[in-house]
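What follows is a short report on a single structure.
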Amino acid sequence: MMKAAIIPVTPFAQNCSLIWCTETNKGAVVDPGGEIEKILEAAKGQGIEIEKILVTHGHIDHAGAVADMAEQLDVPIEGPHAEDKFWIDQLGEQGERFGFEGARVFTPDRWLEDGDTVTVGNVTLSVHHCPGHTPGHVVFFNADTNVAIVGDVLFKGSIGRTDFPRGDHATLLNSIREQLWPLGDEVVFVPGHGPLSTFGEERQTNPFVGDNAVM
């Protein structure tokens, strides 16, 4: 069984997720954008051994502390999709622009593709490539608990921005409808910012991508 805790980090209040397997107490950090000690303290409080870092996309608030955390813990990095390499290669410049000290470029131990799986202890999550916010954005989904970690693809009542380089509004809408909605209305999702919601609620009420939204 997978459990998860949300740890808001960085001035952008980014929802870093700590997920772990209750059978093994092995865990992963998803999108450590900053404040490493805050994340490690949360893991220590749950008695979790962090065995890897997962990354949804290459923006600074999601990936700014990935290199330092991987080095500090000596753990591998998995994700995002290789199409986000150009964002990761700019982490130093992003850090200077937005005031993130120490952000460094990294190379994932494993780039992820649509249809891949990642493991955390005995827990398996499927990987869904969802471009639009960034071209290499991925989503992690655990079918046993019906929980998805969606980064900046979808929010409660909104969707990710598409005005960044290589963002695309139509592509993002297609990603949500083709990759996320088929997972089921009951799925609870953790967005990159803000409160949790369900795919069913968003299909009913989201003005951008709900079932009644204007195409």
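Rundown of residues vs (1) crowded, with 19+ Cβ neighbours inside 10 Å; (2) assigned to a loop (DSSP other than H, G, I, E, B); (3) in contact with an Asp or Glu (Cβ under 7 Å, 6 or more places away or on another chain), yes/no style:
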{"site": "Phe12", "(1), (2), (3)": "no, yes, yes"}
{"site": "Cys16", "(1), (2), (3)": "yes, no, yes"}
{"site": "Trp20", "(1), (2), (3)": "yes, no, no"}
{"site": "Gly27", "(1), (2), (3)": "yes, no, yes"}
{"site": "Lys44", "(1), (2), (3)": "no, no, no"}
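Assuming Glu113 fulfils every condition listed in (1) within 15 Å of the chain's Cα centre (by Cα); (2) exposed (fewer than 15 other Cβ atoms within 10 Å of the Cβ); (3) over 30 Å from Glu49 (Cβ atoms); (4) of a type outside the set (S, T, N, Q) apart from one, which condition is it?
Glu113 satisfies all of (1) within 15 Å of the chain's Cα centre (by Cα); (2) exposed (fewer than 15 other Cβ atoms within 10 Å of the Cβ); (3) over 30 Å from Glu49 (Cβ atoms); (4) of a type outside the set (S, T, N, Q) except (3).
What about Gly194, is it in a loop (DSSP other than H, G, I, E, B) and within 26 Å of Ala65 (Cβ to Cβ)?
In short, yes.
Looking at (1) in contact with a Gly (Cβ under 8 Å, 6 or more places away or on another chain); (2) over 30 Å from Glu49 (Cα atoms); (3) at pLDDT below 95, which is the only condition Ala103 fails?
If we test Ala103 against (1) in contact with a Gly (Cβ under 8 Å, 6 or more places away or on another chain); (2) over 30 Å from Glu49 (Cα atoms); (3) at pLDDT below 95, just (2) comes out false.
Among the listed residues Val127, Val209, which satisfies the condition of being part of a strand (DSSP E or B) and among the β-branched types (Val, Ile, Thr)?
Val127
Report, by residue number, each residue of segment 60-105 that is farther than 30 Å from Asp144 by Cβ and not in a helix (DSSP H, G or I).
Result: Gly64, Asp89, Gln90, Gly99, Phe100, Glu101, Gly102, Ala103, Arg104, Val105.
Filter segment 116-133 for residues that are aliphatic (A, V, I, L, M) and in contact with a Gly (Cβ under 8 Å, 6 or more places away or on another chain); which is surrounded by the most Cβ atoms within 10 Å (Cβ to Cβ)?
Filtering first and then ranking leaves Val120.
Just need a number here: residues in segment 99-110 that are small (Gly, Ala, Ser) and within 18 Å of the chain's Cα centre (by Cα).
Of the residues in segment 99-110, 1 are small (Gly, Ala, Ser) and within 18 Å of the chain's Cα centre (by Cα).
Check segment 134-143 and report whether any residue there is buried (at least 22 other Cβ atoms within 10 Å of the Cβ), under 18 Å from the mean Cα position of the chain (by Cα), among the hydroxyl-bearing types (Ser, Thr, Tyr) and within 23 Å of Ile88 (Cβ to Cβ).
Yes, the conditions are met somewhere in segment 134-143.
Considering each residue of segment 130-152, count those that are within 17 Å of Pro195 (Cα to Cα), in a loop (DSSP other than H, G, I, E, B) and free of Cβ contacts under 8 Å to residues at least 60 places away in the same chain, and give that number.
Within segment 130-152, residues that are within 17 Å of Pro195 (Cα to Cα), in a loop (DSSP other than H, G, I, E, B) and free of Cβ contacts under 8 Å to residues at least 60 places away in the same chain number 1.
The values are calculated or read from the model by the stated rules, or taken from the named source; none is laboratory data. Keep in mind the model is a prediction, meaning the values are calculated, not measured. Neighbour counts are summed over all protein chains in view; Cβ atoms, including those assigned to glycine, are modelled from backbone coordinates with ideal geometry.
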